[in-house]
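Report on the structure given below.
Values in this text are rule-based calculations from the coordinates and carry no lab data. It should be emphasised that the depicted structure is a prediction, and the values quoted were computed from it without experimental measurement. Note that we place each Cβ from the backbone using ideal geometry, even for glycine, and neighbour counts take in every protein chain shown.
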Amino acid sequence: MIPYARQDISPQDIEAVIDVLKSNWLTQGPTVQRFEKIVADYCGAQHAVAVNSGTSALHIACRALGLGPDDMLWTSPNTFVASANCARYCGAHVDFVDIDPHTYNISVPALAAKLESASRNGGLPNVIVAVHFAGQPCDMRGIRGLADQYGCQVIEDASHAIGAEYKECPVGGGQFSDLTIFSFHPVKLVTTGEGGLITTNRDDLFETLCLLRSHGITRDLNRMRGQSEGSWYYQQVDLGYNYRMTDIQAALGISQMQRLPDFISRRRELVVRYNELLRNLPIGLPFYGPDCGSAWHLYVVRLNLAKVSKSRQQVFNAMRANGIGVNVHYIPVHLHPYYRDLGFGPGDFPEAERYYAEAVTLPLYVRLSNSEQDFVVQELVNALN
Ligand SMILES: *Cc1c(COP(=O)(O)O)cnc(C)c1O
């Protein structure tokens, strides 16, 4: 089976992990800090806080922004459930903004209209989570402008977008958001096994994130209001979690970060090949603008169901039966039973639902060979006929 995504672990990656295993620090050591510095520098951010998953990153990002019961978070319905669940962990409400039919990211005109209506009727969001779907950056300038106008804070969910660029700057630099989160799950662009990270330029948020990552415990005299009983002393000053990344994971992350430019260029090569090989088929190809800064986490095609005599399920099943691990990203979050129980249902976000009915994710990963890619294309052609 050719999977839709797969990690690429090199001999150097393995050596880096072994070195940590032989060292004194498996966790809470210097390697996590080195990894944080490397990612912060890569993104052009002041601070980075590594955690044990992208989901944990989203959770403490929401906590650091003060999201609490009766507050509101808005995000895209075309994302992994974690982009919305992070609000629910804080007891906050969730609502969604429909997607742009070309980029499949949150639609800025739809966001503008919904904010305008919420400002009259109540329900303005405290936090907007902008998801860079498939690695394609959102229209962050538009989102930030609206967020400032209506007094909202912004989190970028860049789980798909380490290595992506927006306005010629790396995603994660924080020009247009308060916090950016990344995921290092093995299907993503860079992996640490499980892992996540948050970048920010705000010193206050950085401090809170460090506390929340590790039980809300501090040894900082300022935080402890000058009280100390000796060098063993620490205080718990907030209700935090154990969301720490291990040094073992961070070592893999450092080694993977060195390879990120090569990862992105191989992905771009494969995307150019797909675009060329698929251009005469009755399918919509991914958004590819003149200054498209995508990191190309996913390559999603949209079946033109008016021209294809097969259903999406038939195409999907035919390809799976022939060894192509196609996938579907994403089931609209508001259609999951948990969110239906909160009052959402079919028809709420029609662009996301229409997109979902037509979307197929083709395999895209660094080790995918040209001949494997040709095989994927051949099987797609066969499945469509
Ligand atoms: C993978 C992913 C997450 C969650 O990351 P984990 O590291 O798996 O917890 C959040 N948001 C999006 C868009 C993702 O793709």
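Taking 0.36 nm per intervening residue step and subtracting the Cα-Cα distance, what contour gain separates Ser311 from Glu372 on full extension?
19.5 nm
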Here the Cα Rg-to-2.2 N^0.38 Å ratio for region 313-370 is 1.43
When the dipole is taken about the Cα centre of region 1-134, and only Lys, Arg (+1) and Asp, Glu (-1) are charged at their Cβ, what size is it in debye, to the nearest 20? 200 debye
So what does the Cα-only Debye profile of the chain read at q = 0.09, 0.13, 0.15 Å⁻¹, as log10 I(q)/I(0), no solvent term? -0.54, -1.09, -1.38
Dipole check, region 189-292, charges on Cβ (K,R +1; D,E -1), about Cα centroid: among Gln227, Ile254, Gly216 the Cα furthest to the positive pole belongs to Ile254
Sort 253-264, 12-23 for me by packing, meaning the mean count of neighbouring Cβ atoms within 10 Å per residue, highest on top. 253-264, 12-23
How big is the dipole moment of the chain about its Cα centre under a simple scheme where the beta carbon of each Lys and Arg is +1, that of each Asp and Glu is -1, and everything else is neutral? Debye, nearest 20, please. 560 debye
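Calculated FRET efficiency, Val272 and Asn382, Cβ-Cβ r, R0 35 Å, to nearest 0.05?
Values: r = 23 Å, r/R0 = 0.65.
Taking R0 as 35 Å, the efficiency between Val272 and Asn382 is 0.95.
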Could you please rank Ile217, Ile283, placing first whichever residue has the fewest other Cβ atoms within 10 Å of its Cβ? Ile217, Ile283
Among 311-322, 205-216, how do they line up from the highest to the lowest mean number of other beta-carbon atoms within 10 Å? 205-216, 311-322
Among Asp148, Asp157, Asp98, residue whose mean-square fluctuation peaks in a GNM of the chain (springs only between Cα atoms under 10 Å): Asp148
Place +1 on the Cβ of every Lys and Arg and -1 on the Cβ of every Asp and Glu in region 1-60, take the dipole about the Cα centre, and give the residue among Ser23, Ile38, Val51 whose Cα lies farthest towards its positive end. Val51
For the chain, with the dipole built from +1 on Lys and Arg beta-carbon atoms and -1 on Asp and Glu ones, taken about the Cα centre, which of Ser294, Met319, Ala352 lies farthest toward the positive end? Met319
The rounded separation in angstrom of the Cα centers of region 211-228 and region 275-348 is 47 Å
For region 86-132, just run the numbers: alpha carbon Rg, then divide by 2.2 N^0.38 Å, N being how many residues it has. 1.22
Taking the Cβ of each residue in Cys169, Cys90 as the centre, tally the other Cβ atoms inside 10 Å and list the residues starting with the fewest. Cys169, Cys90
In whole Å, what are the extents of region 1-133 along the principal axes defined by its C-alpha atoms, from largest to smallest? 60, 38, 29
In whole angstrom, the spacing between the Cα centers of region 95-158 and region 367-381 equals 36 Å
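Which entries of Lys37/Lys188; Lys114/Lys307; Lys37/Lys167 show an alpha-carbon separation above 26 angstrom in the structure shown?
Those over the limit are Lys114/Lys307.
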Distance in Å, no decimals, from the C-alpha centre of region 7-23 to the one of region 165-204 is 23 Å
The answer for the net charge of residues other than Asn382 whose Cβ lies under 15 angstrom from its Cβ, with Lys and Arg +1 and Asp and Glu -1, is 0
Cα gyration tensor shape for region 289-348, rounded if a/c is under 1.5, else prolate or oblate: oblate
For a footprinting-style exposure proxy, rank Val300, Val381 by other Cβ within 10 Å, fewest first. Val381, Val300
